[in-house]
Each structure stands twice: as C-alpha cells, then as structure tokens.
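Shown next, in structure tokens, is the structure this report addresses.
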6 protein chains.
Amino acid sequence: MKFIKEVQAHCDLFCGVYDPAQARIEAQAVYNSVHKYNESDDPVFKQRAIAIKEERAQLVKEHLWVLWTDYFKPPHIEKFPELHDLFWRATKAAGETKKSTSIEDSQLLLDLIDEIGQIFAQTKKGYNYQAVVDNLNL
Amino acid sequence: MKFIKEVQAHCDLFCGVYDPAQARIEAQAVYNSVHKYNESDDPVFKQRAIAIKEERAQLVKEHLWVLWTDYFKPPHIEKFPELHDLFWRATKAAGETKKSTSIEDSQLLLDLIDEIGQIFAQTKKGYNYQAVVDNLNL
Amino acid sequence: MKFIKEVQAHCDLFCGVYDPAQARIEAQAVYNSVHKYNESDDPVFKQRAIAIKEERAQLVKEHLWVLWTDYFKPPHIEKFPELHDLFWRATKAAGETKKSTSIEDSQLLLDLIDEIGQIFAQTKKGYNYQAVVDNLNL
Amino acid sequence: MKFIKEVQAHCDLFCGVYDPAQARIEAQAVYNSVHKYNESDDPVFKQRAIAIKEERAQLVKEHLWVLWTDYFKPPHIEKFPELHDLFWRATKAAGETKKSTSIEDSQLLLDLIDEIGQIFAQTKKGYNYQAVVDNLNL
Amino acid sequence: MKFIKEVQAHCDLFCGVYDPAQARIEAQAVYNSVHKYNESDDPVFKQRAIAIKEERAQLVKEHLWVLWTDYFKPPHIEKFPELHDLFWRATKAAGETKKSTSIEDSQLLLDLIDEIGQIFAQTKKGYNYQAVVDNLNL
Amino acid sequence: MKFIKEVQAHCDLFCGVYDPAQARIEAQAVYNSVHKYNESDDPVFKQRAIAIKEERAQLVKEHLWVLWTDYFKPPHIEKFPELHDLFWRATKAAGETKKSTSIEDSQLLLDLIDEIGQIFAQTKKGYNYQAVVDNLNL
C-alpha cells in the first residue's frame, strides 16, 4: 500500500512530506504575477503584483532549499552529480524573478524546477512528476 | 491549452494558485508525525514530533482558510451550501490534531480535506483531486 | 469575579484569549492607511501605505479566521446560523481592501467586523462589544 | 468625532493604531497558560502550554517594544521620565515568563503592563485604560 | 579560554548569543538600499529597494530591542544610565529610515548603533566593537 | 575606503550584506543550547533548550542557503568546486543538530561553517574570517 511505504522512506528524515510540486505551485504563481503585471495599467495593482511575486519567489527558494538539503541523500548525489548545481541555478533563477518582470525569467524557473522534478521522480518509485503537474490546478 | 485557461480563471482573484493539495500535503505530515510520536520512546524525538505536528496543523488551517475565503465565490456557495460548515469542521479538526496524539484525529482531518478536494474538483473542469493525491509523494 | 469565570470558559479551548477587538484594531489601521494613501502625493509614502495596508488586512483575516474556527462552537452556530457566511464575507472584505484604495471598502470591513462583534457579545455574558470599541484607542 | 481626532494624532507616526490592550491581551494568555500548565498532568498538554506561553510572551514583548518606540515621543518621555525603565522592566518580565511556570511572574507582567496603560491613558485624552481592560474578554 | 567564559556569562540569560554586530549588519543593508534607491531610475528596482529597506529596518529594530531587553542587566543601566534613551533613539532612527530615502537618516542609524556597540564593548571584557565592524563584510 | 568598495561589490546582487558570521552566530547559539540542555535537570528548561535549538538551527540553515544562492557566483564555483557539497553538508549538519543533543554534532556544524568562512574570505579581499569570529561575542 502506497502510504505505508512512504512512511518508511521518511523515517530517517522526519520532516514531513517532500514533493517538488510545492515549489512548482509557487513558481506558477510567480509566472502568473509577471503575466498580470505586464497586462495591467493600474499602479496599485502593479505594485501588489511585484510584492506578491517577491513573496512567492521567496517561497520557491525555500521549498527548493528544503528539498535539496532535507530530502536528497548521499546516494542520490552520487547517482545524479548534477543535482547540486541544478538546485543552485534553480534557486538563483528564483532570485532573478524577484528582480525581473520578464516572462522568460519565470519560464526558466519553471523549466529548472521541472528538471528537478524529473530527477526526484527517478528517486521515488511510483512517483510520476509529470502526472502531478498535469493534475495540479496550475 | 491548460495554462491559459487557468490564468483567466484567476484574473479576478489574483492570489496565485489554489489547490487543496497544499492542505493535503501538510495534513499528511501531521498524520506521519502522530504515527512516529506513538512509535518512539525517545523523549527529545517525541517533543519534536509534537512541535512539528503543531506547526504543520497550523499550516493546514492556513491553507484551508485561504482556499475557503479566496478561492470560493458566491456561486460556489449557492451550489454547495455545505461548504462553509465543511471548512469549519475541517479547520476545527486541524486544531484538534494539535492537542491530540490519536491517529484517528489525524485521519479525520485527511478525510475532511478529501471531501473539500472532491467539491473543489467539481468547480474546476479538468481537475481530478483523486489523481492529484494519488500522484503526490504522500 | 470576572477573570476566574473566563478561565473556566476557555478551558476546553486553550488558545489564549479571543476578542473581536483584535480584528477591529487592525481593520482600523487598514482604514487609516487608505485615508492617508488618498491624502498623500509622496510616492514613497503611498507605496508604504499600500504595503502596510496589505499587511494589516492580512492580520484582519487571520484574527477573524482564528475567531471563527477556534472560538465558536456548534451551539453558537445553531443559534446564529448566519455566522459562517458573515465570517466568509468579512474575510473576503478584508481581502478586497488589499486590492482597493476606496474608503468605502474599508468601511464595509469595519461594519462586518462590528456585526461579528455584536454576535460575539451575545455569546459572552458581561461582554459589551460597543464599549470595547468606544474605549479602544481607534 | 472620535475617529477624526485619532487620525490627526497618528499622522506623523503612520503605523496604524496603538493600544496597550494588545500587550494586555497576550499577557493574559501567558497568565492563563501558566495556570493551565500547573493544573494539568498530561505531558503533551503541558508541553503545548509551555510552547504557547513562549509564543505569547514573545508577542507581549513585541507589542510593548512597538508601543515604546513608535507611539511615545520626546514630550511624553519628558513628562514621564520613568517610562523607559518601566518598559524595560516590563519586557524583561515578559522574558521571565518564558522561563517560569510561576503565576506570580505572570501577575507581575500584567501589573507592569497596567502601569504602562495608566501612563498611556494620561497621554490620550478620552482614553480610559481601565475601561478597556474591564470590557475586553480577558 | 574565550568561549567558556562567555557561556558562563550567558547562563542566567539563555537566549543564545548577543552582539551589536547583528543590528549593524542590517543597518548597513538599510544604508545600501537607500544608496541604490537614489541611484536608480528603474521603478521596479526602486520599489524593491523601498520594500527591502523596510524589512531590514525592521530587523534592526528587533535586534536592538532584544539586545536592550535581554542582554543588559540592572548593573549595566546603573553604570550607563544613558542606555535606555540611546536605544530608544536608535530604534526610532531605524523607524525613520523606513519612511525616508535620505542617506543622512541611514547614517544617523549607523552612528547610534556604533554608540551602543561602544558601550556594549565596555560591558564585555575582550570584546572590541570597532574590530568587529572593521572585520565584517560591510 | 572600505565601505565604498563594498557597495560596488554588491551592486549586482542587491540583497543587503553577506557575511558567514551570521550563520556562525546562530550556530554558536545551537552549541550553547546543547551544552545547557545536557547540564540541566529542569524539564521546562530542557524543553525550552530543545525548542530554541530547533529555531536557531533553522536560522543557520537559512543564513547558509542565502549565502550559497545569493552571494556566490559562477566564477566562485569554478574556483572552489567543493563549495556546493560543502554547503550541502553544512546545512545537513544544521538539520542534524535539530535532532541531536550531542555536542559533537554542534561542533561539526561550527567546523563546516568555519570551512565556508575561510573560502568566503578568499573571495573577499581584506576580509579576515578568523578575525571576525575572534572578535565576535561568541
């Protein structure tokens, strides 16, 4: 049964539940904020879009950092040596979205999280990252 | 295309992205914390399990409150008049899990969030709550 | 004696002390921020007014959610079946004040909190909501 | 009219609304937590009482610090030269309640906040601190 | 040996480690934000500079309040009776930097923290505030 | 002059001021908490020591993550390819101190931060990490 298996997998970590979907959800909010910022002429709306983007981009960084430090273990890093640099670039990309109102910067962030999600899926039997993203209300 | 449609749906809300999966993820962490609390004999571990449970249960409440206030709109309430009371009981159930170390209380919380998820799915064409939960790394 | 009675009343809840005055205080800060926003020509001041309003409106939502979920119990809801919808509209109104710089939107929020306060007073013998509001430094 | 007057008074400060009642509410929660801690035999309940007390005592400190720094102005300090030391002792007393489970330490905190409240009332025409405390749901 | 001595000194306080350098670091970030705000023509950058300044100035206030209430003890206040007022002016100055984009206001904040640092150094044998500031990456 | 140079160095980053001393200060608080936990027999004190350690270890993680993502740039990583793994082990070590009451685990965290500090110093002309640590009130 699915749940029992997962509990075992988390026993040595004990930090709740890890899923790259959490970063993905917030990164989508960043993307949407940029989109709406660019479409609006209302200065109050635009200010709020920037502020919400800042907050959401920060949440992306936090979700990614937690995933990197708390979920992944030495055997994962051995098998996927690119992980460290991928997380570094992804969190840097999240930082860039704070400064930027370009949709390309937000798209890059989504793409890097998707790369992480695909690797994550290879470490979790039965987890299909694409199915999660397709099913989420993004 | 999926994404474009969602952006339209959120235009009047502008608060990022809503998904009952966020509450579900944290509620699973509550459940896992209770499970581990009951299995451990180590007092420091047990203290941390209680503290983490408290924190996660609070996140459940916050995700549910946001969903209730920010996502649902008057036509939803007309169509699903039980929603107010369901959210009230679910957030109360989350509060109960702070006080309790019984796995039944955590299970009740999961069940109530699943009820909310099923209603949410009826308001979102193409969203399959069960598929999200089955695909998430819970 | 007043205090002893209250401790008893809270024993089954154990979450500290509930009072609609907490939401009322923050809603007044929202109102004042809107007022000052509209009176100012200084762009830095205006930006800060929007940011502070956002923060305070969020605190209103949080105080109201806590009051709704943690203070009120099933017999209250039976007696005041309008409570669920009233809290929903009040928290939605708080959300609206984040987006708006209209004093009417802030006034609506104050009015809805006052409605809640009046019902709260009917559940607490010896509590006079109007006296609290009149005495507070608002 | 009451409100207009207050807006004027706050114009140079612009930080929302100040009232010692905010610290008083949280200090009462500290007091109640100590009371319940001492009455309970349930170790989980007792742990939560300590944790909630810690959190509430921190809120007391924050409310007092804000009041001291943001509300009071040089003429107040000239007229009430004891204010600095009173706030220092009150915030220290709040810190003590974090470490202590003695009801006397919580009572001392309430007393010091009441002293502050009485001075505050002397700086605000028409504000009656005792009436606020008597009317609050403490 | 340095460390052992400090542990003893903190035993009665138990709140970790105090150092005015923490406030100094954040105040430098305030100063830098003002500097960059004034040099930029980009409205998004300028908005972020204001928001970051607000956040950092708040951290300055919090570090200073903690130092004042938690580190200093009655014998310190007897020996340095100006401390209360100095902290009050420093936290007020931090509040001013939230409202201001003048580099002089940020410099005043740095100067007041340096005054506090010099007094702090007189209470800590072997602590050289100027050496800390000179060595920090400010 | 020192300050001017630093402002230039930060222009492209704009996130305030980076210094490994911030993580070092919090890690010392973790170390001290463990020390005091082990020396005490008072259950309330011991609970607080665990809770404060948890909070401080979290701050260590956050300071390190920020330093890793926001301060270091591609040329640094090229020159110090061990940096990614060093930060990963250091943040993992901070996570371990949450679970542990062993002084060795806290010491390991201090050692890893010192390794980071030494590399940081090689990227900052004129910055002497050891001098900072020796001068701080740790």
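The values are calculated or read from the model by the stated rules, or taken from the named source; none is laboratory data. These numbers come from a predicted model, not from an experiment. Here Cβ is always computed from backbone atoms with ideal geometry, including for glycine, and neighbour counts include all displayed protein chains. We work out accessible area using only protein heavy atoms, side chains counted, and drop any ligands, DNA or RNA first. Shrake-Rupley method; radii C 1.70, N 1.55, O 1.52, S 1.80 Å.
The charge dipole of the range A:85-128, taken about its Cα centre with unit charges on the Cβ of Lys, Arg, Asp and Glu (plus for the first two, minus for the last two), comes to roughly 240 debye.
The listed residues A:54, A:26 rank as A:54, A:26 when sorted by accessible area, largest first, using a 1.4 Å probe. In chain F, the longest principal axis of the Cα atoms and the axis of helix F:43-66 are about 20 degrees apart. Using Cβ point charges alone (K and R +1, D and E -1), the dipole size of the protein assembly as shown about the Cα centre works out to roughly 0 debye.
Chain E residue nearest the rotation axis toward F, with distance: E:135, 3 (Cβ to axis, whole Å). Take each residue in B:110-123, count the other chain C-beta atoms within 10 Å of its C-beta, and the mean is 0.
Could you provide, to the nearest whole Å², the per residue accessible area of the range B:25-132 with probe 1.4 Å? If you can, show how the numbers build up before the last one.
On the way: 4170 Å² over 108 residues.
Here the residues of the range B:25-132 average 39 Å² of exposed surface.
The angle separating the long axis of helix C:83-99 from the principal Cα axis of greatest extent in chain C is about 20 degrees. Lysine pair count for chain D (Cα-Cα distance under 18 Å; residues 8 or more apart in sequence or on different chains): 22.
Work out the mean other chain Cβ neighbour count within 10 Å for the residues of F:44-54 and drop it here as an integer. Write out the running numbers ahead of the final one.
Working: counts 9, 2, 3, 9, 6, 1, 5, 7, 5, 2, 5.
Going residue by residue through F:44-54 and averaging, the value is 5.
Around the Cα centre of chain D, unit charges on the Cβ atoms of Lys, Arg, Asp and Glu (plus for the first two, minus for the last two) sum to a dipole of about 280 debye. Every helix of 4 or more DSSP H residues in chain A counts as -39500 (n - 2.57), and over all residues that averages to -24500 deg cm²/dmol at 222 nm.
According to the square roots a ≥ b ≥ c of the eigenvalues of the Cα gyration tensor, what is the shape class of the protein assembly as shown, taking rounded for a/c under 1.5, prolate for a/b larger than b/c otherwise, and oblate for the remainder?
Here the protein assembly as shown falls in the rounded category.
Per-residue SASA remark: residue E:76, around 40 Å² accessible (1.4 Å probe; ligands, DNA and RNA not included). Peptide D:34-40 has a mean of 2 when you count, residue by residue, the C-beta atoms of other protein chains within 10 Å of its C-beta.
With the label put 7 angstrom out from Cα along the Cα-to-Cβ vector, residue B:42 ends up 2.6, 2.6, 4.7, 5.3, 5.5 nm from the copy partners, going from closest to farthest. Distances between equivalent label points of residue D:80 across the copies, with each point positioned 7 Å along Cα→Cβ, amount to 2.6, 3.3, 5.1, 5.1, 5.9 nm, shortest listed first. A 1.4 Å probe, protein heavy atoms only, puts the accessible area of residue C:89 near 110 Å². Against the main long axis of the alpha-carbon atoms of chain C, helix C:103-123 sits at an angle near 10°. The shape of chain C comes out prolate: with a ≥ b ≥ c from the C-alpha gyration tensor, a/c is at least 1.5 and a/b beats b/c. Distances from residue B:128 to itself in the other copies, using label points 7 Å out along the Cα-Cβ axis, amount to 0.8, 6.2, 6.6, 6.6, 7.0 nm in increasing order.
Per-atom-type breakdown for the protein assembly as shown gives carbon and sulfur 54% of the accessible area (1.4 Å probe, protein chains only).
Give the shape of the range E:70-138 as rounded, prolate or oblate, defined through the alpha-carbon gyration tensor: a ≥ b ≥ c are the square roots of its eigenvalues, a/c under 1.5 means rounded, and otherwise the shape is prolate if a/b is larger than b/c and oblate if not.
Numbers: a/c = 3.03, a/b = 1.34, b/c = 2.26.
Oblate, because a/c is 1.5 or more while a/b does not exceed b/c.
Between residue E:96 and residue D:124, the modelled labels are 2.6 nm apart [label points 7 Å from Cα along Cα→Cβ].
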